[in-house]
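> Mind having a look at this structure? Questions to follow.
The values are calculated or read from the model by the stated rules, or taken from the named source; none is laboratory data. What you see is a predicted model, and the numbers here were worked out from it, not measured in a lab. Heads up, the Cβs are rebuilt from the backbone with ideal geometry, glycines too, and the neighbour counts pull from every protein chain shown. Heavy atoms of the whole protein, side chains included, go into the accessibility calculation; ligands, DNA and RNA do not. Shrake-Rupley method; radii C 1.70, N 1.55, O 1.52, S 1.80 Å.
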Amino acid sequence: MSEPLLKIQHLNKTFQSNKGSVQALHNIQLHVKEGEFITVIGPSGCGKSTLLKIIAGLDVQYSGDVHLGGQPIKGPGIDKGFIFQEPRLFPWLTVEKNIAADLSLRDPNVRKKVDELIELVRLEGFQKSFPRELSGGMAQRVAIARALLRNPKVLLLDEPFGALDAFTRTHMQEVLIDIWQKNKTTMIFVTHDIDEAIYLGNRVVILKPRPGAIRNIVSIDLPIPRKKTTTSFQELRLKVLSEFEKIEELELVDSSGI
Ligand SMILES: Nc1ncnc2c1ncn2[C@@H]1O[C@H](COP(=O)(O)OP(=O)(O)O)[C@@H](O)[C@H]1O
Ligand SMILES: [Mg+2]
């Protein structure tokens with residue numbers, strides 16, 4: 001059996017502040033295979049962003065083991081692409097220059113890869129456009145292409161479609177699945193939308209809050225492309241929803257002090 005690409009073991013994270021300490025993550029165990037699409041779902045404040053930042057190497061103050069490709073994660077790097085809710089493009093650069101960023105488009109290898117990515121994220125004809133001329137969904141596709149140009153071992157996405165309207169969001173989900181199938185990049189995608197988590201993921205990791213911990217992991221064995229209206233999709237939605245109901249019951253028990 002091959003080693004998982006990402007291995008998280010006994011991960012605990014506590015934030016210290018002048019108001020006291022907050023345990024953001026408690027004993028997280030997660031193994032992700034190369035090429036897997038993992039979605040992470042849970043209520044606000046359950047540690048989703050904290051988990052992604054630790055995998056990205058943006059936060060190294062934790063206890064436990066986090067290994068990527070057999071190596072401990074020591075800090076940020078291009079092997080870990082990160083997509084935020086907002087695209088964070090350079091407003092003064094064209095689409096193709098935003099994707100190339102610090103790499104030169106005069107390098108034929110870069111040029112070729114940028115052109116391929118523009119086709120992959122369906123932005124043909126917009127190479128010379130500026131971010132202000134793009135819709136929110138197009139801008140987010142530029143951010144995804146920029147991250148993919150660096151051939152990351154893993155692409156981490158923190159509610160990347162959260163700011164988009166419902167129609168654009170559905171379209172972006174289709175585009176992302178297409179990118180994943182063609183590029184085979186390992187994805188870890190945070191959302192609080194149950195349908196989005198089931199539509200995209202091979203496995204849905206359900207987190208519960210206070211402290212942030214894995215409540216359950218649900219495998220999604222539906223063929224791709226998935227249809228949100230099928231009975232099997234609805235059954236999975238009920239399964240994930242029932243996990244949230246269990247979380248609410250736990251919360252009630254907690255708050256009643258039993
Ligand atoms: N920099 C920080 N300092 C103190 N507490 C933090 C910090 N970042 C996050 N937290 C706390 O950690 C918990 C998890 O936060 P976060 O990972 O942002 O949750 P999510 O992304 O699931 O909404 C929350 O209780 C939050 O208040
Ligand atoms: Mg968050």
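> Between LEU58 and GLN71, how many nm apart are label points set 7 Å from Cα along the C-beta direction?
2.1
> Alpha carbon centre of segment 1-41 versus segment 54-84: separation in Å?
Each part's Cα centre sits 10 Å from the other's.
> Residue farthest toward the positive end of the dipole of the chain, with Cβ of Lys/Arg at +1 and Asp/Glu at -1: which of PHE233, PRO209, PHE161?
Sorting the options by dipole projection puts first PHE161.
> Among residues other than SER2 whose Cβ falls under 9 Å from its Cβ, what is the net charge (Lys/Arg +1, Asp/Glu -1)?
-1
> Right, next: If the only charges are +1 at each Lys and Arg Cβ and -1 at each Asp and Glu Cβ, what is the size of the charge dipole of segment 1-90 around the Cα centre, to the nearest 20 debye?
Dipole size: approximately 280 debye.
> Averaging over every viewing direction, what projected area does the convex hull of the Cα atoms of the chain cover, in nm²?
It is 16.1 nm².
> Of the listed pairs LYS13/LYS48; LYS13/LYS74; LYS182/LYS228, which have alpha-carbon separations greater than 18 Å here?
LYS182/LYS228
> Here is a further query. Along the charge dipole of the chain, which of GLY64, LEU123, ILE99 sits closest to the positive end, that is, farthest toward it, with unit charges on the beta carbon of Lys, Arg, Asp and Glu (+1, +1, -1, -1)?
ILE99
> For the chain, what % of the accessible area comes from carbon and sulfur atoms, probe 1.4 Å?
C and S atoms contribute 53 percent here.
> Could I ask something else about it? Taking 0.36 nm per residue of separation and subtracting the Cα-Cα distance, what length does fully extending SER44 through LYS112 add?
Length difference between fully extended and current span is 20.4 nm.
> Keeping every protein chain present and rolling a 1.4 Å probe, give me the accessible area per residue for segment 195-245 in Å².
Computed with neighbouring chains in place, this is 48 Å² per residue.
> Any idea what the relative contact order of the chain is, in percent, if you count C-alpha pairs under 8 Å spaced at least 6 apart?
Rounded, it is 24 percent for the chain.
> Okay, moving on. Putting +1 on Lys and Arg Cβ atoms and -1 on Asp and Glu Cβ atoms, find which of CYS46, VAL142, ILE188 reaches farthest to the positive end of the dipole of the chain.
Comparing the listed Cα positions along the dipole, VAL142 ranks first.
> Within segment 1-63, list the chymotrypsin sites (Phe, Trp or Tyr not before Pro) lying in a DSSP loop whose Cβ has at most 14 other Cβ atoms in a 10 Å radius.
Here no loop site has a sparse enough neighbourhood.
> Taking 0.36 nm per residue of separation and subtracting the Cα-Cα distance, what length does fully extending ILE224 through GLU119 add?
Roughly 35.7 nm would be gained on extension.
> Dipole size in debye (nearest 20) for the chain around its Cα centre, Lys and Arg Cβ +1, Asp and Glu Cβ -1?
Dipole size: approximately 560 debye.
> Ok, one more. Per residue of segment 120-135, in order, report the coupling 6.51 cos²θ - 1.76 cosθ + 1.60 (Karplus, θ = phi - 60°) as ³J(HN,Hα) in whole Hz, putting x for Gly and Pro.
4, 8, 6, 10, 4, x, 10, 3, 9, 6, 9, x, 5, 8, 9, 6
> Please compute the modelled spin-label separation between THR231 and THR14, points set 7 Å along Cα→Cβ, answer in nm with one decimal.
5.1
> Please list 3J(HN,Hα) in residue order for segment 200-208, calculated via the Karplus relation 6.51 cos²θ - 1.76 cosθ + 1.60 where θ = phi - 60°; whole Hz, with x for glycine and proline.
Once rounded to whole Hz, the list reads 9, x, 6, 9, 9, 8, 9, 9, 10.
> So which trypsin sites (Lys or Arg not before Pro) in segment 67-145 are both in a DSSP loop and have at most 11 other Cβ atoms within 10 Å of their Cβ?
When the trypsin sites (Lys or Arg not before Pro) of segment 67-145 are filtered for loop state and at most 11 Cβ neighbours within 10 Å, LYS74, ARG106, LYS128 remain.
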